[in-house]
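Report on the structure given below.
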Amino acid sequence: MRVSVIRPSWEVVIRRVVVAAVAALALALAVGGGAQAWVAAERRGALAQREVAELRVDDALAAARDDLGARAASSAAWDAAGAAALQADARAALGSAVARARGTLEASAGTLGDDAPRTALAAQLDVAQSEGPTASPAVIRRLTAAVTGAEQAVHAAVADEEARAAAAQEAAREAAQAATTPAARAGASTSGGASAATDRCATTYGGPAFYTSAPTDGGDGSNGRLPGSALSAVSWARDSRGTPFYLRSDAAAALERLNAAFRAALGHDLALDLTYRDYDTQVAMRAALGSVAAVPGTSSHGTGLALDVPELPCDYGWDSAARAWLVANGPAYGWVSPAWARQGGSNPEYWHYEYRG
Ligand SMILES: [Zn+2]
């Protein structure tokens, strides 16, 4: 028998193709629609995010505006507080500069041959004291700088003085060393023997002898008439007649301190020849010595503020170690070699020293 194969008719085939095509189209449409919906959703999401971001920006701007406003509002108060702090700082700096300078002024008392830098500093301190309390910060800063500058000038002057003293001490040490070397002693003996050396070292004063004075009984305190209550005797020496060496009490106390340092440096006490000189002795000296002696009633010895060491050139003369020490170190104790008594001065006297406090 013939197997009958049932073949689909063309109609069926076409229908199937159409159905498949329609299904494919539907699927394509469905997929396309889904994609569109997804894109739309994405876009909505992005918009929402942008809105959120914009809101955040708005918030940040508002906060920044608030901050600026707050700063502007507080700036006036801030300025006022700053100015007060500035003034307080300037005053504090001036206060410590003044305190420091006062210390320098006190510590340097009596150390300078020329007191001009200390006088200038004292004047600056007066100005700072009178103007400082009411001055503006800028003026206070200028006052501080002026005080500090004047103080530094005093420090520099003290350093100069110390350098000079050190140089003088060194020169004195060298001179003392040279004088004791065998060569120097041999030179002295070959140039005329012991008598020549003795002559060179002897005093050149050939006039009548004068002695230091005791306090004046009932003295009125004027030159040459000082009572015992104004004077003190030094502890380590008396003159050849046994009279103590009197000086005004503050000058005597300072000389005690000077002598201790002198003894430590040179190995012996400071020798004295004359200290206080009463009026009658001044009259006698003027009569004997003429214009070399002071007009009676004007001698610095009459105030108890002067001393003479022995007129022995080798012991206390111009080139002696003792004089070098006294000139360098005496001022620290208030005792000076006055300008008029120095070499080149109006009346050179290497033996004469005065107390200047
Ligand atoms: Zn004298």
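The values are calculated or read from the model by the stated rules, or taken from the named source; none is laboratory data. Keep in mind that this is a model prediction, so the values were computed, not measured. Cβ placement follows ideal geometry from the backbone for every residue including glycine, while neighbour counts extend to all protein chains displayed. We work out accessible area using only protein heavy atoms, side chains counted, and drop any ligands, DNA or RNA first. Shrake-Rupley method; radii C 1.70, N 1.55, O 1.52, S 1.80 Å.
Structure summary
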{"item": "Signed unit charges on C-beta, dipole axis of segment 101-163, positive-most listed residue T111, Q152, V139", "result": "V139"}
{"item": "Rg to Rh quotient for the chain, alpha carbon positions, Kirkwood Rh", "result": "1.77"}
{"item": "Cβ crowding within 10 Å averaged over residues, with 322-329, 263-270 ranked highest first", "result": "322-329, 263-270"}
{"item": "Rounded to the nearest 20 debye, dipole of segment 101-163 from Cβ charges on Lys, Arg, Asp, Glu", "result": "380 debye"}
{"item": "Average Cα contact separation per residue, the chain, under 8 Å, 6 or more apart, as relative contact order %", "result": "13 percent"}
{"item": "Surrounding net charge for H155, when Lys and Arg each add one and Asp and Glu each subtract one, Cβ distance under 13 Å", "result": "-2"}
{"item": "Projected label distance in nm at D239 and A116, using a 7 Å step from Cα toward the beta-carbon", "result": "3.9 nm"}
{"item": "Ratio Rg/Rh, restricted to segment 101-163 and using Cα atoms, in which Rh is the Kirkwood radius", "result": "1.04"}
{"item": "Degrees separating the helix 116-131 axis from the principal Cα axis of the chain, which is the longest one", "result": "50 degrees"}
{"item": "W318-Q343 pseudo-label distance in nm [points 7 Å out on the Cα-to-Cβ vector]", "result": "0.4 nm"}
{"item": "Length gained when the stretch D269-C201 is fully extended (0.36 nm per residue, less Cα-Cα span)", "result": "22.6 nm"}
{"item": "Equivalent ellipsoid semi-axes, segment 181-355, via Cα gyration tensor eigenvalues times 5, rooted, Å", "result": "29, 19, 15"}
{"item": "Percent carbon-and-sulfur accessible area, the chain, ignoring ligands, DNA and RNA, probe 1.4 Å", "result": "60 percent"}
